[in-house]
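Each remark here refers to the structure printed beneath this line.
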Amino acid sequence: MKFIVQWKGLPSDENAVIERFMKTGGQVPDGVTLLGRWHATGGLQGVAIVEADDTRNLAALSLAWGDLLTMSILPALTDEDLGAALGKHQAAGQRS
């Protein structure tokens with residue numbers, strides 16, 4: 001399943017975030033596949049799309065950076081997945 005990962009940090013933590021990222025390369029934990037990651041210009045915030053089958057691996061990702069960054073991890077749908085869900089929703093409404 002795909003997930004949207006968003007993070008934001010405080011300016012006071014910038015040096016620590018830079019140091020950790022440069023040391024680790026921002027690697028994700030085992031069981032999480034990084035599909036893409038984007039960083040905002042100026043400021044500690046960004047977004048990544050990851051894939052994982054087990055939410056425990058997502059918890060490991062959050063915990064690895066949780067002391068420096070506020071993170072949110074949300075399930076993500078492709079246009080095709082959303083279209084299928086919306087079609088199912090519409091069909092159920094028409095049966096009522």
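Among the residues of region 3-25, which ones are among the acidic types (D, E) and loosely packed, with under 14 Cβ neighbours inside 10 Å?
So the first thing to find is which residues in region 3-25 are among the acidic types (D, E), and the list is 13-14, 19.
Across region 3-25, the qualifying residues are E14, E19.
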Only one of these is surrounded by 14 or more Cβ atoms within 10 Å (Cβ to Cβ), aliphatic (A, V, I, L, M), under 14 Å from the mean Cα position of the chain (by Cα) and in a loop (DSSP other than H, G, I, E, B): V28, V50. Name it. V28
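Applying the selection to region 1-34, what residues are more than 26 Å from T78 (Cα to Cα), in contact with a Leu (Cβ under 8 Å, 6 or more places away or on another chain) and of a type in the set (K, R)?
Narrowing region 1-34 to residues more than 26 Å from T78 (Cα to Cα): 9-25.
With in contact with a Leu (Cβ under 8 Å, 6 or more places away or on another chain) added as a condition, the list becomes 9-11, 13-14, 16-17, 20.
Passing the criteria: only R20.
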Scanning region 11-38 residue by residue, the ones that are more than 15 Å from L69 (Cβ to Cβ) and hydroxyl-bearing (S, T, Y) total 1
So L35 ticks every box in (1) under 17 Å from the mean Cα position of the chain (by Cα); (2) part of a helix (DSSP H, G or I) but one. Which box is left unticked? (2)
I'm told L74 meets every condition in (1) in a helix (DSSP H, G or I); (2) exposed (fewer than 12 other Cβ atoms within 10 Å of the Cβ) except one. Can you identify the failing condition by its number? (1)
Could we say that A48 is under 18 Å from G9 (Cβ atoms) and aliphatic (A, V, I, L, M) here? yes
Return the pairs, sorted by first residue and then second, in which the second residue is β-branched (V, I, T) and not in a strand (DSSP E or B), the first residue lies in region 35-51 and is over 15 Å from I73 (Cα atoms), the beta carbons are less than 7 Å apart, and the residues are 6+ apart or on different chains. L44/V17
Taking into account only those residues within region 56-86 that are free of Cβ contacts under 8 Å to residues at least 60 places away in the same chain and small (G, A, S), which is nearest to M22 (Cα to Cα)? A64
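We did not get these values from a lab; they are worked out from the coordinates using the rules stated. Not measured: the values here are computed from a predicted model. FYI the Cβ positions are ideal-geometry reconstructions off the backbone, even for glycines, and counts take in every protein chain you see.
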